Amino acid sequence: MSDFVHVLLGLALGYVISSYVESFMHEYVSDARPKAVSFWMRAPRLFRPLINTHYSHHTIHHVKTFRSDHVTQFRSEEEKQKITEELLQRGKHGRTIINGAYATKLAGEGVFVFISPLVIFFPVFYFTLKPIAFLAGCVTLLLPPFMSHFVHPYLHRPFEEGQRTAPRWLAWLLRTRYGRAIYRNHFLHHRYGGVSNFNLVLGADYVRRRTRALTAKDLEVMARIGMPLPDDAPHPVEAVRG
């Protein structure tokens, strides 16, 4: 095979694996069910990274912020101050969450939890692929932490605001068909309590049947808060009437 084909092979393998690992870890760690969290709490020293990741993502990012809507992190300065004080009481981990823009950016132990399941694939790629394919695979294997840190914050802003404030390369990515699909997938993830649509690296959710289709009401809410709508979507008012 030519080097070009090997590059494509590496990119594809890394992408498939990273998408699947992200979907799985997001469902079973970041948004783990109460029964799993209760089990972890029986051995908090052993499961501390999982407990902290769940608290940061699910408790802070899903439950205690963005309570008004998908693009409003805090309903008031008083609410922000209350959450800040709660986090400061948790010590180092709480300060890490604050420094990560209140769990909108990947930080602290979340980086370890995100990357650790992917680490095993680096030596596998190294020993089974040509060097050029290995390097290509490394790029796509690192997509989950990249998307969580750099892209995720903009998914909680109106689309036009993101286009004004994001770096040029990121604004371009967000307005591509792929980027707009990420907006919609993440909107559905939050709107229905973190039980579906887990991917920022799109793909595995569909294979795992963890997706939820947009409804007319979803389109109406997305239009109101400035989310990008599908190209073939009816006008939200017409959709509701229909």
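Every number in this text was worked out from the coordinates using simple rules, so none of it is lab data. Please read these numbers as outputs of a predicted model, since none were measured by experiment.
How long is the gain from SER38 to GLU77 if the chain were fully straight, where each residue apart is worth 0.36 nm and the alpha carbon distance is subtracted?
10.8 nm
Under 17 Å between alpha carbons, and skipping anything fewer than 8 positions from LYS92 in its own chain: which aspartates and glutamates qualify?
The reachable aspartates and glutamates, counting only those whose Cα sits under 17 Å from LYS92, are GLU109.
If you line up the Cα atoms of the chain on their principal axes, what length do they span on each, largest first, in Å?
Taking the Cα atoms of the chain, the three principal extents are 57, 50, 34 Å.
Grab the Cα-Cα distance for VAL5 and PHE24, subtract it from 0.36 nm times how many residues apart they are, and report the gain in nm with one decimal.
4.0 nm
So what is the relative contact order of the chain, in percent, for Cα pairs below 8 Å that sit 6 or more residues apart?
Once divided by the residue count of the chain, the mean separation gives 27 percent.
Pairs LYS35/LYS82; LYS64/LYS105; LYS35/LYS80; LYS35/LYS64: which are spaced more than 26 Å apart, C-alpha to C-alpha?
Values: LYS35/LYS82 28 Å; LYS64/LYS105 16 Å; LYS35/LYS80 29 Å; LYS35/LYS64 20 Å.
Violating the 26 Å limit, Cα to Cα: LYS35/LYS82; LYS35/LYS80.
Hey, what number do you get for the chain at 222 nm if only DSSP H runs of n ≥ 4 count, each worth -39500 (n - 2.57), divided across all residues, to the nearest 500? Intermediate results must be reported in sequence, preceding the final value.
Details: 15 runs with 141 residues, N = 242.
The helix contribution divided over the chain gives -16500 deg cm²/dmol.
Would you mind telling me which residue in ILE60, ILE182, ILE132 has the biggest mean-square fluctuation in a Gaussian network model of the chain, where springs connect alpha carbons within a distance under 10 angstrom?
Maximum fluctuation in the GNM of the chain, among the listed residues, is at ILE132.
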